[in-house]
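The values are calculated or read from the model by the stated rules, or taken from the named source; none is laboratory data. Given the structure is predicted, the values throughout are model-derived calculations rather than measurements. Glycine also receives a Cβ, built like all others from the backbone with ideal geometry; neighbour counts cover every protein chain displayed.
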Amino acid sequence: MDGQLLSETFVELTDTMVADFDVIDFLHVLTDRSVQLLEVSAAGLLLADPRGELRVVAASSEAARLLELFQLQSDQGPCLDCFRAGQPVDSGDLAAAAQRWPRFAPAAQQAGFAAVQALPMRLRDQVIGALNLFRASPGALPPADVRVGQALADVATISLLHERSMRHSDTLNEQLQTALNSRVIIEQAKGKLAERLGLDMDQAFTLLRDFARNRNRRLSDLAQAFVDGSETLTSLPPAAPQQRPSRQAGHQPRPGSPPKQ
Amino acid sequence: MAWPFFGLLAMQPGRILPRGSFLLGARMTGSRPGRIWGLVAGQAASRGGRVSAADVCTAAVTAVEVSGAWLSAARGTDGGHLMRVTDEVSEELAELQLTLGEGPSPDACACGGPVLASNLGDMEAGRRWPVFAPAARQAGAAAIFAFPLRIGAIRAGVMGLYRARPGPLSAAHLGDALTFADTATLLLLDSQDRAAGDPAAGPGPGGQPADLTLHRAEIDQATGMLTEQLGVGITEAFIRLRAYAYAHDRRLADLARDIVARRVRLHPDPDPSHDGIA
């Protein structure tokens, strides 16, 4: 494990007092660093919406994000079990978990994952969400990695709840709702771009994300401008080939965060 | 509170509950959207009218335990058209914000998320809205909660709630308020559909609230695809998507999945019945 990256990550996950704090960027740091630090291929994160629904708020890759969505849609899977029980849930071999999760287990395998570990985002009796760690090869996550993963989730949880009490009690909810709406805008933009260029949704997302990165724009701002018609996405690169669900990041780097890898 | 709701269903079963609506399913039990829809439909039934966004305001005041509510509908770029207020204070608050262009409602419209100002007398509110905050307190509000009526890039308007006493919304009240806002969004979009005067659209999707929080990535993607297929803006695309689902008696999520999978394609034809399977 990269000790320096680990310390930097803990600093990042406690640094919620910055003026431009963004809850979704913050949670993307948690999923991305989990993939970089732990023996996992992808990470996804569900957070409880004030409406009482769980929502997918961050993922290290599109494949992980879709799998989180699938858990919500099929109302089944390790992240949901973990959230409901407030306890870690794991399966070292998804091929043998078809009875436990008859819909989720095959879907996860189809997405290229063989094992999963879900960790609660919990402070005392308050569970605010769950972090899912996916592995491409079967086998339980090493105990040391489980401890570090849980420590990262704990620090993030405390930071968010601290954020809520220290700044404005409503800031977290405001930001979460704004971010969830941004996610919807990105889906709408994906649809528009996919239809225009004859792409599938993954290709459309990759193209949008790369365009935003190359121009140093926030993905959600670009998506909004594209849907509104004020951004035409001219000079788009040719459609990127489909990528494997591995260590690709699914978002813009947080401003000021250390470069990746 | 559920009984007026069921009374209304008995009167207009086809209109309120198309086949496959989530209200018929297991989610009805204990489902927040189902409960909130029941409160709104009950409010409409008690005044003897069809369900409208105005009923959302009235029902929200009671359920969220606030002093009053206002709702303005987005109309192009003219900055908002006041639709409904529940009392004089709400009216003054809504008009102040329209006039000043300052306050929680304009901020909620600009940022796309709710603005929860639980104490208009605190420093943050004073710094953020130097003119509006004192004026709002003068008018009788101590806390204001503004909810943009949006589905991604679709802007339907804004809903505001105020309280005469300061203090944040509880988690349960916030969840209810967000769900009232979701419901108001759909009802406003339905009324735009009817206002467009397209007789083929009939009563529109009838005001049944699609479950906005689950299964929705495909609905959002399909809406984006329709902007290209139909050559329309995102709001119109969503209205057409729902009208098509209603006209063909299909669940919105199922139709969206077919559009994303390119099994169904809509055509830029004013008559939805001409749209067909790809």
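Counting residues that are within 14 Å of another protein chain (Cβ to nearest Cβ), which helices (runs of 4 or more DSSP H) fully inside region B:34-112 reach at least 3?
In region B:34-112, the matching helices (runs of 4 or more DSSP H) lie at B:104-111.
Here is a check on your reading of the model: is A:Asp154 crowded, with 16+ Cβ neighbours inside 10 Å, at pLDDT 85 or above and in contact with an Asp or Glu (Cβ under 9 Å, 6 or more places away or on another chain)?
So A:Asp154 fails the test.
What is the one condition in (1) within 13 Å of chain B (Cβ to nearest Cβ); (2) surrounded by fewer than 21 Cβ atoms within 10 Å (Cβ to Cβ); (3) of a type outside the set (Val, Ile, Thr) that A:Gln71 does not satisfy?
Among (1) within 13 Å of chain B (Cβ to nearest Cβ); (2) surrounded by fewer than 21 Cβ atoms within 10 Å (Cβ to Cβ); (3) of a type outside the set (Val, Ile, Thr), A:Gln71 violates only (2).
Of the residues A:Thr9, A:Thr31, only one is within 9 Å of the chain's Cα centre (by Cα), among the polar types (S, T, N, Q), buried (at least 17 other Cβ atoms within 10 Å of the Cβ) and under 21 Å from A:Leu161 (Cα atoms); which?
Step by step, each of A:Thr9, A:Thr31 is checked, and only A:Thr31 is within 9 Å of the chain's Cα centre (by Cα), among the polar types (S, T, N, Q), buried (at least 17 other Cβ atoms within 10 Å of the Cβ) and under 21 Å from A:Leu161 (Cα atoms).
Taking A:Asp2 and the conditions (1) surrounded by 15 or more Cβ atoms within 10 Å (Cβ to Cβ); (2) in contact with a helix residue (DSSP H, G or I) (Cβ under 9 Å, 6 or more places away or on another chain); (3) within 23 Å of A:Ala115 (Cβ to Cβ), which numbered condition does it fall short on, given that it satisfies the others?
Of (1) surrounded by 15 or more Cβ atoms within 10 Å (Cβ to Cβ); (2) in contact with a helix residue (DSSP H, G or I) (Cβ under 9 Å, 6 or more places away or on another chain); (3) within 23 Å of A:Ala115 (Cβ to Cβ), only one is false for A:Asp2: (1).
Return a yes/no flag: does region A:202-224 have any residue that is in contact with a Ser or Thr (Cβ under 7 Å, 6 or more places away or on another chain) and either more than 27 Å from B:Val232 (Cβ to Cβ) or within 14 Å of chain B (Cβ to nearest Cβ) (or both).
yes
Name every residue in region A:104-139 that is over 21 Å from the mean Cα position of the chain (by Cα) and in contact (Cβ under 8 Å) with a residue 12 or more places away in the chain, in order of residue number.
Result: A:Asp125, A:Pro138, A:Gly139.
Out of the helices (runs of 4 or more DSSP H) lying entirely within region B:211-268, which hold 2 or more residues that are within 8 Å of chain A (Cβ to nearest Cβ), within 23 Å of the chain's Cα centre (by Cα) and not hydroxyl-bearing (Ser, Thr, Tyr)?
Per the criteria, B:216-230.
Looking only at region A:18-28, decide whether some residue is among the small types (Gly, Ala, Ser) and assigned to a strand (DSSP E or B).
no
Only one residue in A:Gly149, A:Gly191, A:Gly129, A:Gly139 is farther than 21 Å from A:Asp22 by Cα, touching a helix residue (DSSP H, G or I) at 6+ places or on another chain (Cβ under 7 Å) and away from chain B (no Cβ under 14 Å), so which one is that?
A:Gly149
Mind checking whether some residue in region B:100-117 is over 19 Å from A:Glu174 (Cα atoms) and either among the β-branched types (Val, Ile, Thr) or assigned by TED's automatic domain parsing to the domain that holds B:Leu174 (or both)?
Within region B:100-117 (the criterion being over 19 Å from A:Glu174 (Cα atoms) and either among the β-branched types (Val, Ile, Thr) or assigned by TED's automatic domain parsing to the domain that holds B:Leu174 (or both)), the answer is yes, since at least one residue qualifies.
Is it true that some residue in region B:146-168 is at pLDDT below 95 and more than 14 Å from every other protein chain (Cβ to nearest Cβ)?
yes
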